[in-house]
Amino acid sequence: MRILVVDDSKMMRHVLSTDLKDLGYATILEADCTDKAKEICSATSPDLIISDWNMPGESGLEFLKFIRSSATLKDTPFIMLTTQTNRAKIMEATRVGLQSYLLKPIRKSVLADKISELAAAYGFVPPAESKANTHAANAVGAERAREEHTLKGKIKPEHIPKILEAYAQLWRGEFSAVQLEEYMAEEVFGGSLPENLEEVNSLTKTLHDAVRTSIDRKLRQLIL
């Protein structure tokens, strides 16, 4: 699987590449601007693009528009990196075709979850982490466990119908993944997404895992 990382910061590209390799992704392509990113895309189509929003010259949003207008690249999953908390701008990117975004500073566990969510939608399987990365995997697992533990007592009975309806809208295509996260932050945790990012990530990860488990169980019941 080829992942293209686009960021004008050499340090950020290094951090992302290191995290991705720890998670088992071996082929990481790097570009420090969208012009170089386009050159890479013309030579070899990436399977996933992770791009910064604010860069000198053409922005990540303009690069996303380029990707979505390309006959060969338009279906490539795209994650935007940003410090942008302006909902109108994020919704603009969603309308252009952004599937997911990450707020800086990036956490490895959140990065892994975002890619897993896209994997479910696009039908690719995240690589199993190698034995050399066992320590990193354990650290991610421990971090997730801590995040999930913080939800105890925060989910109320009145939240359940709202969450179910939000997922129904997502599956019907009426909600994007970004809109779902915004909805969870406001309706379940009573604030904006940046203010409740850890709780929203923990809740969506828990629910995605539950959905996958339920689907797997139902499908196995159909096996003769």
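Bear in mind that the values in this text are calculations on the coordinates, not laboratory data. Please read these numbers as outputs of a predicted model, since none were measured by experiment. We place every Cβ from the backbone using ideal geometry, glycine too, and count neighbours over all the protein chains shown.
Observations on the structure shown:
- Inter-centroid distance (Cα atoms) of the stretch 33-102 relative to the stretch 171-217, Å: 22
- Pairs beyond 28 Å (Cα-Cα), from LYS89/LYS162; LYS89/LYS152; LYS36/LYS114; LYS104/LYS205: LYS89/LYS152
- Fewest-first sequence of GLU117, GLU187 by Cβ atoms within 10 Å of each Cβ: GLU187, GLU117
- When ARG13, ARG68, ARG95 are arranged by Cβ crowding within 10 Å, least crowded first, meaning fewest neighbours, the order is ARG95, ARG68, ARG13.
- Ratio Rg/Rh [Cα only; Rh per Kirkwood] for the stretch 1-132: 0.93
- Virtual paramagnetic centre 7 Å along Cα→Cβ of ASP47, amide N under 20 Å, in the stretch 7-34: 16-31
- Taking θ as phi - 60° and the Karplus parameters 6.51, -1.76 and 1.60, the scalar couplings of the stretch 53-61 work out to 7, 9, 9, x, x, 6, 7, x, 5 Hz in sequence order, x denoting glycine and proline.
- Here the dipole of the stretch 1-132 is about 220 debye; that uses its Cα centre as origin and unit charges on the Cβ of Lys and Arg (positive) and Asp and Glu (negative).
- In percent, rounded to a whole number, the relative contact order of the stretch 1-132 is 23, using alpha-carbon pairs under 8 Å and six or more apart.
- In a simple Cβ point-charge model (Lys, Arg +1; Asp, Glu -1; nothing else charged), the stretch 150-224 has a dipole of about 560 debye relative to its Cα centre.
- Residues whose amide H falls under 5 Å from that of LEU29, counting only those 5 or more places apart or on a different chain, are ILE3, LEU4, VAL5, with hydrogens built in the peptide plane.
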